[in-house]
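Let me begin by presenting the structure, written as structure tokens, before commenting on it.
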Amino acid sequence: MNGAPVIDVKGLTKKFSGRTVVDHFDLRVPRGAIYGFLGPNGSGKTTTIRMVCGLLKPDGGAGTVLGLDVLKDSDKIKERVGYMTQRFSLYGDLSIRENLEFVARLYSLSDVRDRVDASLKALGLADRAKQLAGTLSGGWKQRLALAACMIHEPELLLLDEPTAGVDPKARRDFWDAIRDYAAEGVTTLVSTHYMDEAVQCDRIAFIAYGKKLIDARTADIPGEVGLSARRIEAPALDEATRRLKLAGGYDVLARFGAAIHIAGRDAAALAAAAKSVEDLPGAEVDIIDAGLEEAFIYLMTGATDNFANGLDTRVGA
Amino acid sequence: MISLSRIKAVFLKELVQMRRDRPTFAIMIMVPIMQLTLFGFAIDTDPRNMPTAVELRDEGPLTRSLLASLAQSDYFRIVRRVANESEGERLLRSGAVSFLIVIPEHFERDFVRGDRPQILIAADASDPVAAAGPIAAANEIARRAFAPELDRLPRRLRTGLPPYEAVIHRQYNPAGETSMNIVPGLLGIILTMTLIMITSIALTREVERGTIEALLSTPVRASEIMIGKTTPYIMIGFVQTAIVLAAARLIFGIPFLGGPAPFFAALFMFIFANLMLGYLISTVAKTQMQAMQMTFFVFLPSILLSGFMFPFAAMPAWARAIGECLPITHFLRIVREVMLKGAGFAEISGDLWPIAIILAVLAGLSLARFRRTLD
């Protein structure tokens, strides 16, 4: 993580027919980082990523991507960025090889055949190269899409909810690949809903209503949010939940298997809430450090799903 | 900078997709065959055995040999002899006969004297296509019928002009198109229909399938997408042309009098103009459905105002103005000139440059319409 940041934009703003979808967004992503975008649906994650790679023209703001002007140099930026769209956007009626060759030629690579062969081998798809991309399973489609946007060896990888609808094994493999790229110096900006993806990131920005609510190193997020937390185990969890709800004083209540976690910014109120269940038979209350999950549930509760406000930017445009 | 590699990328991709899309590919090839069959056979452009009435006010040997020649030709079938002109007119108007041939009084005498008597051929031209063939044939039939007599005429009368005059009245419709027009015209219609239809979904399909997002995230330029997406269909256009021309020659016996160079120059520009028109539609249409509707919006004037269906000269000025803006109008003229009249570059240049201008305007509009962002 050295040198100038790969993404350095300030005041990025985007409006769709009068509605502000991204509002004065600042973003600095250092080289080699894996940077996570979290936030509810329609919070402006996709729009921000599209502005960074030149697919949308910002209505306001300025800055650089890979040292190039984000407003003027989008052609040059595109040559050095790999963008993996949320929806599978390769050609279902082309074979795996044809899709990769198509993309390789679009980047004017000199050794199309070799690059595609290497990519197919790395994918483990060399013997299925002639299969139509449309017939692949979700996990394989996603690997193919990643291979396609890596074929020109970009310095910056933009991933928009890359593992939606992919099984856990494929998701793990996917993240192993991203980690490998990061080790080689590739910078990654990834939007996600999934906690197990969020923990893979070096740094996380939490977005709601087009604004950045928090921007910190992943490990620092719970501290930034400032939550205290308790873990409650009891044989009668339903009764414990009822009592907690009656007592109040917490911001987050979530069940984790046979336990309940409660968390809140008001430490005293949280302690009082925990007290209400201590006398339950077999109850055990532990003070714990609030984790990423509690922090995000807290943040999400504050910023309810933006679909309700008609701020969906994922489809169309 | 336009990159050949990127054009090649789009070009090859389109080619593969075209080949994979079997139904569409089949339609592109089947349309010419189907249209030719419909227009060429089901709709007989050169009808024979037209019912004919004759009114003979002079019945000499010349008249008899003319009647014999008419009867021998396939075109006329003499069904009635009428006593006077009003009876003939009545038959013609009622549709009982399609032709009325009147041999005037003293025909034989005037013929020999060199007074050039008039043979009246009145045709029911309400269907111009049906009337055109027999009318064209009538003169030739008369010439042949009188040929032996001509040799016996005094030398002073052999001036080169026939010693009679065939007066043709195309009744009910003064404009008559010749049947030869249909098949060459069909070439323009087939190319317009299929090529505009196929390129009108060039971009909308990418938008609907969501592939446009990945495509636009690459460095590919608008002009590269346009060229790469349209050029594969040039080949389709040439295959269709080959089918129509082969059928025109082998099945319909239509001559190809002109040289290949002016024809191919016009063909190439016309095909490209159609592809650009379709591509422009695809930059405007939001869905494939919309693209189809817009395509049909273009078809109607192409068929009606281009001179394919109706004579161009007979249309009002505003309709002709629209027609002049359609590439097919100019192409039809060129094809007819080249195929039927043997025209060269000099004769067709007046219709060649309008196609070039239309082509340039369409390409410019398409590029101006195309957005390389998702805004």
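For A:TYR83, state whether it is hydroxyl-bearing (Ser, Thr, Tyr), under 22 Å from B:VAL16 (Cβ atoms), in contact (Cβ under 8 Å) with a residue 40 or more places away in the chain and crowded, with 21+ Cβ neighbours inside 10 Å. No, not satisfied.
Taking B:LYS286, is it under 22 Å from B:THR194 (Cα atoms), surrounded by fewer than 22 Cβ atoms within 10 Å (Cβ to Cβ), of a type in the set (D, E, K, R) and touching a residue at least 60 places away in the same chain (Cβ under 8 Å)? It is true that B:LYS286 is under 22 Å from B:THR194 (Cα atoms), surrounded by fewer than 22 Cβ atoms within 10 Å (Cβ to Cβ), of a type in the set (D, E, K, R) and touching a residue at least 60 places away in the same chain (Cβ under 8 Å).
Count of region A:60-92 residues, restricted to those that are at the interface with chain B (Cβ under 8 Å from one of its Cβ atoms) and either more than 28 Å from A:TRP175 (Cα to Cα) or among the aromatic types (Phe, Trp, Tyr) (or both), is 4. Inspection of region A:138-159 identifies at least one residue that is among the acidic types (Asp, Glu) and under 30 Å from A:ARG28 (Cβ atoms).
Only one of the listed residues (A:ARG203, A:ARG243) is basic (Lys, Arg) and assigned by TED's automatic domain parsing to the domain that holds A:LEU158. That residue is A:ARG203.
Within region B:220-262, the residues that satisfy the criterion of being modelled with pLDDT of 90 or more and either in contact with a Gly (Cβ under 6 Å, 6 or more places away or on another chain) or of a type in the set (Ser, Thr, Tyr) (or both) are B:SER223, B:THR230, B:THR231, B:TYR233, B:THR241, B:PRO262.
Tally up the residues in region A:1-39 that are in a loop (DSSP other than H, G, I, E, B) and surrounded by fewer than 22 Cβ atoms within 10 Å (Cβ to Cβ), please. Number satisfying all stated conditions: 11. Once region B:94-121 is narrowed to residues that are touching a residue at least 12 places away in the same chain (Cβ under 8 Å), surrounded by fewer than 17 Cβ atoms within 10 Å (Cβ to Cβ) and farther than 17 Å from B:ARG57 by Cα, the residue that is farthest from the chain's Cα centre (by Cα) is B:GLY114.
If you go through region B:210-227 and pick out every residue that is surrounded by fewer than 20 Cβ atoms within 10 Å (Cβ to Cβ) and not in a helix (DSSP H, G or I), you end up with 2.
From the list A:ARG97, A:ARG172, A:ARG105, A:ARG115, which residue is of a type outside the set (Gly, Ala, Ser), within 13 Å of chain B (Cβ to nearest Cβ) and free of Cβ contacts under 8 Å to residues at least 24 places away in the same chain? Full working, then the answer.
Details: A:ARG97 fails: free of Cβ contacts under 8 Å to residues at least 24 places away in the same chain; A:ARG172 fails: within 13 Å of chain B (Cβ to nearest Cβ); A:ARG115 fails: free of Cβ contacts under 8 Å to residues at least 24 places away in the same chain.
Criteria check complete, one pass: A:ARG105.
Every residue, every condition in (1) buried (at least 18 other Cβ atoms within 10 Å of the Cβ); (2) out of contact with any helix residue (DSSP H, G or I) (no Cβ under 6 Å at 6 or more places or on another chain); (3) aromatic (Phe, Trp, Tyr); (4) at pLDDT 75 or above, yes or no:
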| position | (1), (2), (3), (4) |
| --- | --- |
| B:ASP124 | yes, no, no, no |
| B:ALA131 | yes, yes, no, no |
| B:ARG156 | no, yes, no, no |
| B:VAL167 | no, yes, no, no |
| B:PRO184 | yes, no, no, yes |
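Quick one: would you say A:ASP286 is assigned to a strand (DSSP E or B) and either farther than 26 Å from A:ARG171 by Cα or out of contact with any helix residue (DSSP H, G or I) (no Cβ under 7 Å at 6 or more places or on another chain) (or both)? Judged against the criteria, A:ASP286 is a match.
Taking the criterion of being of a type in the set (D, E, K, R) and without any contact (Cβ under 8 Å) to a residue 24 or more places away in the chain, the residues of region A:118-145 that qualify are A:LYS121, A:ASP127.
In the same structural domain as B:LEU245 (by TED's automatic domain parsing), touching a residue at least 40 places away in the same chain (Cβ under 8 Å), touching a Ser or Thr at 6+ places or on another chain (Cβ under 7 Å) and over 12 Å from B:PRO262 (Cβ atoms): does that describe B:LEU359? So B:LEU359 fails the test. Checked against the criterion of being in contact with a strand residue (DSSP E or B) (Cβ under 7 Å, 6 or more places away or on another chain) and among the charged types (D, E, K, R), region A:104-125 has no qualifying residue. Taking B:GLY253 and the conditions (1) free of Cβ contacts under 8 Å to residues at least 40 places away in the same chain; (2) surrounded by fewer than 21 Cβ atoms within 10 Å (Cβ to Cβ); (3) of a type outside the set (Asp, Glu); (4) assigned to a helix (DSSP H, G or I), which numbered condition does it fall short on, given that it satisfies the others? It is condition (4) that B:GLY253 fails. Is it the case that some residue within region A:55-77 is small (Gly, Ala, Ser) and under 30 Å from A:THR135 (Cα atoms)? No, region A:55-77 contains no residue that is small (Gly, Ala, Ser) and under 30 Å from A:THR135 (Cα atoms).
When the test is whether a residue is modelled with pLDDT of 95 or more and more than 13 Å from chain B (Cβ to nearest Cβ), A:TYR35 passes it. Count of region B:301-319 residues, restricted to those that are in a helix (DSSP H, G or I) and surrounded by 16 or more Cβ atoms within 10 Å (Cβ to Cβ), is 4. For A:VAL9, the requirement of being hydrophobic (A, V, I, L, M, F, W, C) and more than 10 Å from every other protein chain (Cβ to nearest Cβ) is met. Has region A:187-195 got any residue that is at pLDDT below 90, under 30 Å from A:HIS24 (Cβ atoms) and in a helix (DSSP H, G or I)? Within region A:187-195, one or more residues are at pLDDT below 90, under 30 Å from A:HIS24 (Cβ atoms) and in a helix (DSSP H, G or I).
Whenever a residue of region B:186-208 is free of Cβ contacts under 8 Å to residues at least 24 places away in the same chain, its partners that are assigned to a helix (DSSP H, G or I) and aliphatic (A, V, I, L, M), lying with C-beta atoms within less than 6 angstrom and at least six residues away or across chains, give the pairs B:GLU206/B:ILE212. For region A:189-223, the set of residues classified as under 10 Å from the mean Cα position of the chain (by Cα) and more than 15 Å from A:LEU292 (Cα to Cα) consists of A:LEU189, A:VAL190, A:SER191, listed by residue number.
For every residue, the table says whether it meets (1) closer than 26 Å to B:SER282 by Cβ; (2) buried (at least 19 other Cβ atoms within 10 Å of the Cβ); (3) in contact (Cβ under 8 Å) with a residue 12 or more places away in the chain.
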site	(1), (2), (3)
B:GLU324	yes, no, yes
B:PRO327	yes, yes, yes
B:VAL335	no, yes, yes
B:MET339	no, yes, yes
B:ALA343	no, yes, yes
B:LEU365	yes, no, yes
B:ALA368	yes, no, no
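B:PHE264 falls short on exactly one of the conditions (1) more than 16 Å from the chain's Cα centre (by Cα); (2) within 27 Å of B:THR204 (Cα to Cα); (3) of a type in the set (Phe, Trp, Tyr), and that condition is (2). For region A:66-75, check the following and say yes or no: at least one residue is outside any loop (DSSP other than H, G, I, E, B), in contact with a Leu (Cβ under 8 Å, 6 or more places away or on another chain) and touching a residue at least 24 places away in the same chain (Cβ under 8 Å). Checked against the condition, which is being outside any loop (DSSP other than H, G, I, E, B), in contact with a Leu (Cβ under 8 Å, 6 or more places away or on another chain) and touching a residue at least 24 places away in the same chain (Cβ under 8 Å), region A:66-75 yields no hits at all. Can you tell me which residue is farthest from the other protein chains (Cβ to nearest Cβ) among those in region B:228-250 that are surrounded by 19 or more Cβ atoms within 10 Å (Cβ to Cβ) and within 30 Å of A:LYS57 (Cβ to Cβ)? Ranking the candidates gives B:THR230 first.
The values are calculated or read from the model by the stated rules, or taken from the named source; none is laboratory data. Just so you know, these numbers come straight off a predicted model, no measurement behind them. Ideal geometry is used to build each Cβ from the backbone, glycine not excepted, and the neighbour counts take in all protein chains shown.
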